[in-house]
Amino acid sequence: MDAAARKIFNEKFSTEKYEAFLLRLNDGLTKPVQFRVAESPVFLTDDFRDKLLAAGNDIIDVILQPDFKELTERAIPEKWKVAKENDHPHFIALDFGVCKDTGGNIVPKLIELQGFPSLFGFQVHLADTYRQSFTIDDNWGIFFNDINREQYLDLLQETIVGPHQPKEVVLMDVNAPEQKTAVDFYVTQKYLGLPVLALSDLIEENGQLFYEGNGKLQQIKRVYNRLIFDEIENDPDIFEKVVDIRKPLDVEWITHPNWFYRISKFTMPFLKGDYVPKTQFLNTLKVVPADLENYVLKPLFSFAGQGVIIDIKTEDIENIKDPQNWILQEKVNYEPVLQAPDGGVKIEIRLLYLWPDGENRPTLAINLARLSRGKMIGVRYNKDFDWVGGTVAFMRK
């Protein structure tokens, strides 16, 4: 982390500035932010940024392998398979913890990966607000590959809207206005002009999708999909009440729901390298490691950290009935490298890639960061702390 930039920020920081920042962040939004936003952005050194780039490139190379779909076919639960899968995801998110290696160097370590969109709209608004509220100069930016703000929004438009009219492309989630990430939906709507719909707003006629707008039916050419099937898992009759989106419908998926499973924890055992923790499917485990304290057990088909076993005992492994659906992963120990006024804070950085149709490779475009003082990064582990929550990483241009 850039020590000089951190020193300047902390010296100028005040609670009053942070409160004004939050007011500015929510000003004019359709819905206020529903999650905690941290007091500070992250300032990366050039060296750490380059390590992130190298780590990301290695992982993307695996996803680009010709046999990747074959390797990950089992990742998709049969009941959630969606018809008409395309050749590549339109979004990739790679989560890295900021750690210390055995040589004492600060390095990124892969935590998880997703073939699914993240806060691609909100992060621009968040960075703009940090810059305005805390006077971060123009030598610092949040984009990769020499992309500027205007070029990023053009790339976002190309990826999501493509050749269609914005009214023909809808952002859809199970109940979009009620989601904690709804702020991203409406910021994206502001940037791109597309409607925000709940699953129940979709209307099917003869295999085509429509929604009601301005008193008439508007055909949907593309769905910017934000729905995760975990969210409707507890309603087995859901598709008797709404459109069954698993069917072969005359619509383009941005990104196709199957990629959420293909690029996920399921991918981890196929990855190697200095920035990837050793991971294997539990059913391939020949000998239980003697140092189980250095591993975590993760269920493949769970969402938002649910079901993860951090402090493993041998009986935990023995009691798992479906070992093919679990991974044993080398524990990643976050290093509290961000210096808050009252001590160190742990960091996770998410690299966000966009992959519009017609491109051979995804483009690393923007980032998301999260700060934590708890045992894990998630909200439930960081209640009652300050200098934690969602943020963004700035890098020198």
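The values are calculated or read from the model by the stated rules, or taken from the named source; none is laboratory data. Only a predicted model underlies this, so the values are computations on that prediction, with no experimental measurement involved. Here the Cβ positions follow ideal geometry from the backbone for every residue, glycine too, while neighbour counts run over all protein chains shown.
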- Message: Could you check the stretch 140-163 and list, in sequence order, the residues that are more than 17 Å from residue 364 (Cβ to Cβ), of a type outside the set (Val, Ile, Thr) and surrounded by 15 or more Cβ atoms within 10 Å (Cβ to Cβ)?
- Response: 140, 157, 162
- Query: In this structure, does residue 109 turn out to be more than 29 Å from residue 196 (Cβ to Cβ), in contact with a strand residue (DSSP E or B) (Cβ under 8 Å, 6 or more places away or on another chain) and at pLDDT below 95?
  - Reply: no
- Message: Within the stretch 87-102, take every residue that is of a type in the set (Asp, Glu) and under 24 Å from residue 396 (Cβ atoms) and give me the one that is surrounded by the fewest Cβ atoms within 10 Å (Cβ to Cβ).
- Response: 101
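Across the stretch 291-339, which residue is surrounded by the fewest Cβ atoms within 10 Å (Cβ to Cβ) among those that are of a type in the set (Phe, Trp, Tyr) and within 21 Å of residue 115 (Cα to Cα)?
Step one: of the stretch 291-339, the residues of a type in the set (Phe, Trp, Tyr) are 295, 301, 303, 326, 334.
Now restrict to residues that are within 21 Å of residue 115 (Cα to Cα): 301, 303, 326.
On the way: 301: 19, 303: 14, 326: 24.
Across the stretch 291-339, the extreme among qualifying residues is 303.
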- Just wondering, is there one or more residues in the stretch 254-271 that are over 25 Å from residue 88 (Cα atoms), at pLDDT below 95 and of a type outside the set (Val, Ile, Thr)? no
- Could you pull out every one of the helices (runs of 4 or more DSSP H) wholly within the stretch 236-329 that has 3 or more residues that are within 30 Å of residue 206 (Cα to Cα) and not charged (D, E, K, R)? 259-262
- Message: under 20 Å from the mean Cα position of the chain (by Cα), in a helix (DSSP H, G or I) and more than 19 Å from residue 109 (Cα to Cα): is that true of residue 231 in this structure?
- Response: yes
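Does the stretch 46-58 contain any residue that is under 13 Å from residue 367 (Cα atoms) and hydrophobic (A, V, I, L, M, F, W, C)? Walk me through how you get there before you give the answer.
So the first thing to find is which residues in the stretch 46-58 are under 13 Å from residue 367 (Cα atoms), and the list is 49, 52-53, 56.
Subset that is hydrophobic (A, V, I, L, M, F, W, C): 52-53.
Yes - at least one qualifying residue is present in the stretch 46-58.
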- Output for Cβ contacts, cut-off 8 Å, separation at least six or different chains, first residue within 15 Å of residue 247 (Cβ to Cβ) in the stretch 204-223, second exposed (fewer than 11 other Cβ atoms within 10 Å of the Cβ) and at pLDDT 95 or above, reads 207/248
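For the stretch 143-224, list the strands (runs of 3 or more DSSP E) that sit wholly inside it and hold at least 1 residues that are modelled with pLDDT under 95; which are they? Quick ask: steps written out before the conclusion?
Details: elements: 169-173, 196-198, 203-205, 208-213, 216-220.
Output list reads 208-213, 216-220.
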- Query: Restricting the search to the stretch 279-307, which residues are without any contact (Cβ under 8 Å) to a residue 24 or more places away in the chain and either on the phi > 0 side of the Ramachandran plot or β-branched (Val, Ile, Thr) (or both)?
  - Reply: 284, 287, 307
- Message: Tell me whether the stretch 344-359 contains one or more residues that are over 20 Å from the mean Cα position of the chain (by Cα), among the hydrophobic types (A, V, I, L, M, F, W, C) and closer than 16 Å to residue 109 by Cα.
- Response: no
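Can you name the residue in the stretch 103-122 that is assigned to a loop (DSSP other than H, G, I, E, B) and crowded, with 20+ Cβ neighbours inside 10 Å and is also nearest to the chain's Cα centre (by Cα) among such residues?
Among residues in the stretch 103-122 that are assigned to a loop (DSSP other than H, G, I, E, B) and crowded, with 20+ Cβ neighbours inside 10 Å, the one nearest to the chain's Cα centre (by Cα) is 118.
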- Does residue 131 qualify as being within 30 Å of residue 230 (Cα to Cα) and assigned to a helix (DSSP H, G or I)? no
- Of (1) free of Cβ contacts under 8 Å to residues at least 12 places away in the same chain; (2) more than 18 Å from residue 76 (Cα to Cα), residue 242 satisfies all except one. Which? (1)
- Message: With the structure loaded, tell me whether residue 269 is over 30 Å from residue 40 (Cβ atoms) and under 24 Å from the mean Cα position of the chain (by Cα) or whether it fails that test.
- Response: yes
- Just one of 262, 246 is surrounded by 14 or more Cβ atoms within 10 Å (Cβ to Cβ) and within 30 Å of residue 98 (Cα to Cα); which is it? 262
